[in-house]
Amino acid sequence: MLSVRNRDDELPKDTFGFRFNLNPDHEEDENDESAESELRFDGRARDYRFEYILKEDEYSGLYMVGGEAYDQTGAVVGRMSGALMIQEILGKSFYAACDSVSHQLMECSVNLFDSKGCPKASWKAKLREEFARKGRGGLLYLDEVHLLPSHRERDVGLDFVECLFNELRFADMCTLAVLEPFGAPARGVKSRAITMSDQDKELGATANVKLARHFARMGFQQVGVTEPLSNYWFVCLCIRQTGFTSKAAAAVVEVSVPPKEPKVTPKVLTGKDKELFDACTLSMTPPPPDKIQDLLRSGADPNNACALHACAANHHVAAGRALLEMGCVVNQLDSQGYTPLHLAAAKCTCQSGLDFVSMLLAHGAQKDVKTSKGQTAVQCASEAAESMKTFGKEA
């Protein structure tokens with residue numbers, strides 16, 4: 001994950017809990033036990049020199065990454081920070097290692113990789129066979145690449161990252177790097193609920209397109225066109241060409257942005273419809289089927305109340321069966337574009353959820369209907385299963 005944060009003129013001094021100590025005159029102490037867990041290397045591009053350090057963290061196979069850029073006078077003009085995960089070493093600890101670095105890395109990892117750090121089938125085909133054959137298999141995550149304003153617009157930032165790429169590739173250590181757009185909080189900063197205007201959102205989208213095209217010069221490709229895959233770009237270090245293309249070439253790179261979700265006005269239920277919906281959602285125990293039948297006979301409209309959706313979300317099987325037997329539409333869409341099957345599939349991690357899914361399918365529920373976010377019921381179920389795995393590892 002590569003993200004560029006343009007801050008003020010001051011460079012960050014501390015990153016991921018350790019202070020930069022990239023003195024080129026650094027001499028290793030034979031008695032220094034930490035020396036074995038550190039890797040140091042450097043690179044050059046034009047009048048700039050780059051120093052890097054990889055420091056092993058609490059998980060074997062997880063390295064914190066730090067870097068500094070120097071101009072021809074020896075002054076520090078840029079810094080980077082991040083992490084490197086070696087999948088074959090981390091194994092089943094991959095998710096836990098990602099979570100120990102930052103929340104946004106954990107979110108990225110759950111979206112793109114399985115619990116062992118292997119790319120998910122949803123975009124694995126884009127990596128080509130060379131990814132599986134070359135390199136030891138590593139994921140590079142750069143939290144920040146920061147340059148002083150006076151040294152921007154000279155491709156110094158790309159050179160800074162390029163030299164790191166080359167060192168990792170030549171060391172047969174890292175095969176994949178992933179780029180995420182602006183917006184994620186820095187490590188140690190709690191995310192806050194911020195209300196953004198439409199104008200701010202447009203500016204953010206424009207900045208992300210510009211950022212994606214900037215790194216497309218290094219060979220980054222978009223993972224997918226639908227959310228959440230559209231948020232990520234990747235490059236395989238073991239098969240990419242060195243160097244980068246021109247700004248003119250990157251300017252025509254197509255960037256797929258998910259369509260804006262229409263503003264949804266919440267439905268206001270009244271009378272028997274509200275009573276039916278409340279019975280399916282607010283009760284601490286599953287509503288008795290005879291109560292559901294009484295409400296329907298007294299005039300409640302189950303389709304307007306999305307009663308079957310409510311029962312699916314709460315896996316009230318008996319109440320849901322009563323609704324279906326009295327003619328409730330099995331494939332009705334709610335205001336978010338979900339059918340009851342989507343909601344039941346997201347709850348199929350328990351037996352009652354599985355029973356509800358089976359019941360809907362027996363009554364003609366369609367499996368290929370997609371939500372407003374482009375998800376089928378199978379994808380909703382898969383996402384729920386991944387979330388449960390993650391929760392199990394964190395618990």
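The values are calculated or read from the model by the stated rules, or taken from the named source; none is laboratory data. Just so you know, these numbers come straight off a predicted model, no measurement behind them. With ideal geometry, Cβ positions are generated from the backbone for all residues, glycine too; neighbour counts draw on all protein chains shown.
Among the residues of segment 320-334, those identified as among the hydrophobic types (A, V, I, L, M, F, W, C) and touching a Ser or Thr at 6+ places or on another chain (Cβ under 9 Å) are 330, 333. Residue check: residue 314 meets all listed conditions (1) under 14 Å from residue 287 (Cα atoms); (2) in contact (Cβ under 8 Å) with a residue 60 or more places away in the chain but one, namely (2).
Just give me the residues in segment 114-127 being part of a helix (DSSP H, G or I), free of Cβ contacts under 8 Å to residues at least 40 places away in the same chain and of a type outside the set (D, E, K, R), in sequence order.
Within segment 114-127, 121, 125 meet the criteria.
Considering only segment 382-393, I want to know if a residue exists there that is of a type in the set (Asp, Glu) and closer than 29 Å to residue 116 by Cβ. Yes, the conditions are met somewhere in segment 382-393.
How many of the residues in segment 75-113 are outside any helix (DSSP H, G or I) and in contact (Cβ under 8 Å) with a residue 12 or more places away in the chain?
Narrowing segment 75-113 to residues outside any helix (DSSP H, G or I): 75-86, 102, 113.
Cutting the leftovers down to in contact (Cβ under 8 Å) with a residue 12 or more places away in the chain gives us 76-86, 102, 113.
Of the residues in segment 75-113, 13 are outside any helix (DSSP H, G or I) and in contact (Cβ under 8 Å) with a residue 12 or more places away in the chain.
The C-beta contact set for segment 155-170 (first residue touching a residue at least 12 places away in the same chain (Cβ under 8 Å), second residue polar (S, T, N, Q) and buried (at least 22 other Cβ atoms within 10 Å of the Cβ), distance under 7 angstrom, 6+ apart or interchain) is empty.
Results for (1) outside the structural domain of residue 226 (by TED's automatic domain parsing); (2) of a type outside the set (Ser, Thr, Tyr); (3) on the phi > 0 side of the Ramachandran plot, shown as yes or no for each residue.
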residue	(1), (2), (3)
282	yes, yes, no
299	yes, yes, yes
321	yes, yes, no
324	yes, yes, no
335	yes, no, no
343	yes, yes, no
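Looking at 361, 341, which is the one that is surrounded by 21 or more Cβ atoms within 10 Å (Cβ to Cβ), modelled with pLDDT of 85 or more and closer than 24 Å to residue 121 by Cβ? Walk me through it before giving the result.
On the way: 361 fails: surrounded by 21 or more Cβ atoms within 10 Å (Cβ to Cβ).
Just one listed residue meets the conditions, 341.
If I filter segment 29-36 for residues that are modelled with pLDDT under 90, under 21 Å from residue 142 (Cα atoms) and among the polar types (S, T, N, Q), do I get at least one hit? Checking segment 29-36: not a single residue is modelled with pLDDT under 90, under 21 Å from residue 142 (Cα atoms) and among the polar types (S, T, N, Q). Residues in segment 48-68 include at least one that is modelled with pLDDT under 90 and of a type in the set (Gly, Ala, Ser). Taken as a whole, the condition of being touching a Gly at 6+ places or on another chain (Cβ under 7 Å) and either charged (D, E, K, R) or surrounded by 17 or more Cβ atoms within 10 Å (Cβ to Cβ) (or both) does not apply to residue 373. The C-beta contact set for segment 353-380 (first residue part of a helix (DSSP H, G or I) and among the hydrophobic types (A, V, I, L, M, F, W, C), second residue surrounded by fewer than 17 Cβ atoms within 10 Å (Cβ to Cβ) and modelled with pLDDT under 90, distance under 7 angstrom, 6+ apart or interchain) comprises 377/367; 378/367. Cβ-Cβ contacts under 8 Å between residues 6 or more apart (or on different chains), taken from a first residue in segment 226-248 that is among the acidic types (Asp, Glu) to a second residue that is not in a helix (DSSP H, G or I), are listed as 227/258; 227/373; 227/374.
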